[in-house]
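Q: Take this structure, written in structure tokens, and hold onto it; I'll ask about it next.
The values are calculated or read from the model by the stated rules, or taken from the named source; none is laboratory data. The shown structure was predicted, so the numbers you read here are calculated from the model rather than taken from an experiment. Using ideal geometry, Cβ is built from the backbone for each residue, glycine included, and neighbour counts are taken over all protein chains shown. Note: accessible area is taken over every heavy atom of the protein model, side chains too, but ligands, DNA and RNA are not part of it. Shrake-Rupley method; radii C 1.70, N 1.55, O 1.52, S 1.80 Å.
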Amino acid sequence: MKLRIRQAIYIVLAIAAFSLLIYVVTNSQSPESLMNPPEAAGDYKDIQNVIEKTADNGIILKAPNEGEYTTAITFMDLNGDNENDAVAFYRIKNDDTSSIYMSVLLKNGNKWQASEPIKGQGNDILEFSYGDLDFDSVPEIVVGWNMFDSKDNNTLSVYSVTDESGVTGIKQCDSLIYTKMYVADVCNEGRQEILLIKNTYNDESIPAGADVYELEDGTLKSIGSTELSASVSLYKQFQMQPVGNMNVFFLDGVVNNTDMITEILYWDKENGKLENPTYTSQVSDFNTYRAGTVPATDINADGVLEIPVSEVSDDSEFIPVTEWQQFDFSKYIDIAQGVCTDDLIFNFPANWEGNIGVIQKGKVWSFYDISSGEREKLFDLIVCDLSEWQSLKDKYDQLTIHYGTIYGVKLSETDSKLALSKNEIQKCIINIR
């Protein structure tokens with residue numbers, strides 16, 4: 001009897017707990033509450049409290065939209081005392097403007113000392129970075145301010161930190177208009193510069209270009225420049241990679257809405273010039289011009305970027321085969337071959353080269369053995385989302401799922417020596433997103 005009473009009590013408690021959980025989920029997790037940033041903890045909370053005293057109001061921390069650092073508060077030694085300081089971006093609560101602010105906080109023991117807020121030169125923080133631009137062993141702060149979602153005309157500002165008589169200050173050194181930036185040792189001389197990209201797609205009167213800037217006496221000075229393609233409507237990715245003893249920059253740009261080129265930039269130390277060996281006046285003559293907008297990526301996980309190169313147009317019903325190539329100044333080295341579209345990246349096994357044809361119809365890729373001059377289907381590969389998969393799962397075997405994208409396969413009955421198993425097909429699928 002007592003056992004039944006205890007069981008009844010447990011059931012009642014369980015129902016009560018479940019009811020409470022449902023109430024919390026349905027009443028507290030409204031879309032509005034989910035949009036609020038999480039409460040700061042530890043140093044983050046201390047920093048937020050200090051800023052709020054300086055700003056004389058509550059704040060909402062705001063992370064940069066892109067770039068190397070994508071948190072609202074980032075830590076770095078800004079005054080050379082071997083202790084991490086902080087940079088914070090935020091908006092003011094109940095501020096009916098679109099203003100955004102930056103504060104620098106120096107740490108002294110266990111206390112944070114904040115600068116006066118700096119109002120941004122735009123309505124959002126696009127990106128930011130650090131760099132010792134004047135070669136004094138103390139980094140400057142490099143900020144990209146975004147103005148109302150402009151893709152081309154962002155404002156880059158450089159700030160230095162002062163600490164005089166216990167008062168933290170921020171001094172603005174200089175500002176420039178730009179599209180993309182990279183802070184790095186561009187000239188390979190042990191100091192950092194800013195490689196600045198300016199896209200003039202919407203203004204044909206000004207040539208598109210790249211410039212290398214040094215900071216001298218608080219002013220950004222261009223020490224080298226080169227032309228870029230004026231046909232790029234959008235830069236999708238900007239990456240740096242050491243090649244030999246030089247830092248090389250890969251700039252992926254969208255052209256004609258559906259195609260892409262990769263421009264390669266590096267500093268020629270011997271001649272003191274910024275070089276773009278890929279540049280031609282006609283975008284169709286770029287040797288990195290290809291269909292689709294897949295950027296340069298490390299396709300085989302060897303630590304080196306490869307560029308996908310394929311024919312943009314082909315009279316054949318087979319889609320063009322993509323060659324993944326590495327750049328080494330004197331030539332391009334073929335690394336892998338396969339299918340590369342915005343929806344599917346599939347690397348061919350070594351024995352497939354010249355022997356496979358692929359036809360795409362919608363979300364289905366059909367792979368054929370054409371080595372004998374005839375077509376022998378090996379398999380159909382489908383790429384779709386979860387909702388589409390529900391009506392297709394009886395026709396295809398699921399291979400893998402990646403960020404909501406499902407890959408399915410339907411093997412053909414074939415005696416071809418080029419046929420692959422489901423496991424082998426899955427290993428050929430490359431996910432870079």
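Q: How would you classify the chain from its alpha-carbon gyration tensor, with a ≥ b ≥ c the square roots of the eigenvalues: rounded for a/c under 1.5, else prolate if a/b is greater than b/c, otherwise oblate? Show your work: numbers first, answer last.
A: Values: a/c = 2.43, a/b = 1.15, b/c = 2.11.
Oblate shape, in that a/c is at least 1.5 and b/c is the bigger or equal ratio.
Q: When only Cα pairs under 8 Å and 6 or more residues apart are kept, what is the percent relative contact order across the chain? Each step should come with its number before you reach the end.
A: On the way: 900 pairs, mean separation 25.4, N = 433.
For the chain, the relative contact order is 6 percent.
Q: Give me the dipole magnitude in Debye, nearest 20, for the range 124-274 about the Cα centre, with unit charges on the beta carbon: positive for Lys and Arg, negative for Asp and Glu.
A: Values: 9 positive and 26 negative charges, 69 e Å.
It works out to roughly 320 debye.
Q: Using the crude model of +1 on Lys and Arg Cβ and -1 on Asp and Glu Cβ, and no other charge, please compute the dipole size for the chain relative to its Cα centre, in debye to 20.
A: Values: 33 positive and 67 negative charges, 490 e Å.
Using only the charged Cβ atoms, the result is roughly 2360 debye.
Q: Under 10 Å, Cα contacts only: if you run a Gaussian network model on the chain, which one of 55, 296, 88 comes out with the highest mean-square fluctuation?
A: 55
Q: Only Cα pairs within less than 10 Å get springs; with that Gaussian network setup on the chain, which residue of 194, 141, 92 has the largest fluctuation?
A: Among 194, 141, 92, the largest mean-square fluctuation in the Gaussian network model of the chain belongs to 92.
Q: So, with a 1.4 angstrom probe, what is the percent of accessible area on the range 60-138 that is carbon and sulfur?
A: Accessible surface attributable to carbon and sulfur in the range 60-138 totals 44 percent.
Q: Can you pull the percent of the range 258-313's accessible area that's carbon plus sulfur, 1.4 Å probe, other chains left in place? Numbers along the way, then the final one.
A: Details: 970 of 2340 Å².
The C+S portion of the solvent-accessible surface of the range 258-313 is 42 percent.
Q: Would you tell me the accessible area of residue 52, worked out with a 1.4 angstrom probe on the heavy atoms of the protein chains, in Å² to the nearest 10?
A: 50 Å²
Q: If you put +1 on each Lys and Arg Cβ and -1 on each Asp and Glu Cβ, how big is the dipole of the range 56-95 around its Cα centre, in Debye rounded to 20?
A: Result for the range 56-95 is approximately 340 debye, rounded to the nearest 20.
Q: Taking Cα centroids, how far is the range 382-433 from the range 246-277 in Å?
A: What the calculation gives is 36 Å, centre to centre.
Q: Given a Förster distance of 22 angstrom, what is the FRET efficiency for residue 123 paired with residue 68, based on the Cβ-Cβ distance and rounded to 0.05?
A: 0.50
Q: Which value in deg cm²/dmol, rounded to the nearest 500, describes the helix-derived mean residue ellipticity at 222 nm for the chain, given -39,500 (n - 2.57) per DSSP H run of n ≥ 4 and division by the residue count?
A: Details: 5 runs with 56 residues, N = 433.
-4000 deg cm²/dmol, from helical runs alone.
Q: Just the number, please: carbon plus sulfur as a percent of the accessible area of the range 380-433, 1.4 Å probe, no ligands or DNA/RNA counted. It would help to have the intermediate numbers written out before the result.
A: On the way: 1540 of 3410 Å².
Carbon and sulfur together cover 45 percent of it.
Q: Just grab the label-to-label distance for residue 148 and residue 52, each label 7 Å out from Cα along the Cβ direction, in nm (one decimal).
A: 3.3 nm
Q: Between residue 84 and residue 245, what is the label-to-label distance in nm when each label sits 7 Å out along the Cα-to-Cβ direction?
A: 3.5 nm
Q: Given just the C-alpha atoms of the range 202-279, how large is their convex hull per residue in cubic angstrom?
A: Details: hull volume 9.8 nm³, N = 78.
Measuring per residue, one finds 125 Å³ for the Cα hull of the range 202-279.
Q: Please state the relative contact order of the range 182-240 as a whole percent: Cα pairs under 8 Å, 6+ residues apart?
A: 26 percent
Q: Please check which bits of the range 370-384 a label hung off residue 412 would reach, taking the label as a point 7 Å along Cα-to-C-beta and the cut-off as backbone N under 20 Å.
A: Under cut-off, by backbone N: 370-383.
Q: Taking the full set of protein chains and a 1.4 angstrom probe, give the accessible area of residue 173 in square angstrom, rounded to the nearest 10.
A: We get 30 Å² for residue 173.
Q: Here is a further query. Using only alpha carbon pairs under 8 Å that are at least six residues apart, calculate the relative contact order of the range 145-248 and give it in whole percent.
A: 18 percent
Q: According to a simple spin-label model (label point 7 Å from Cα along Cα-to-Cβ), what is the distance in nm between residue 95 and residue 328?
A: It is 5.2 nm.
Q: While we're on this one: How large is the direction-averaged shadow of the alpha-carbon convex hull of the range 122-193, in nm²?
A: Details: hull surface 21.5 nm².
For the Cα atoms of the range 122-193, the hull's average projected area reads 5.4 nm².
Q: May I ask you to give the solvent-accessible area per residue for the range 117-275, in square angstrom, as obtained with a 1.4 angstrom probe?
A: Result: 42 Å² of accessible area for each residue.
Q: On average, how much accessible surface per residue is there in the range 355-433, in Å², for a 1.4 Å probe, leaving out ligands, DNA and RNA?
A: Here the per-residue accessible area is 59 Å².
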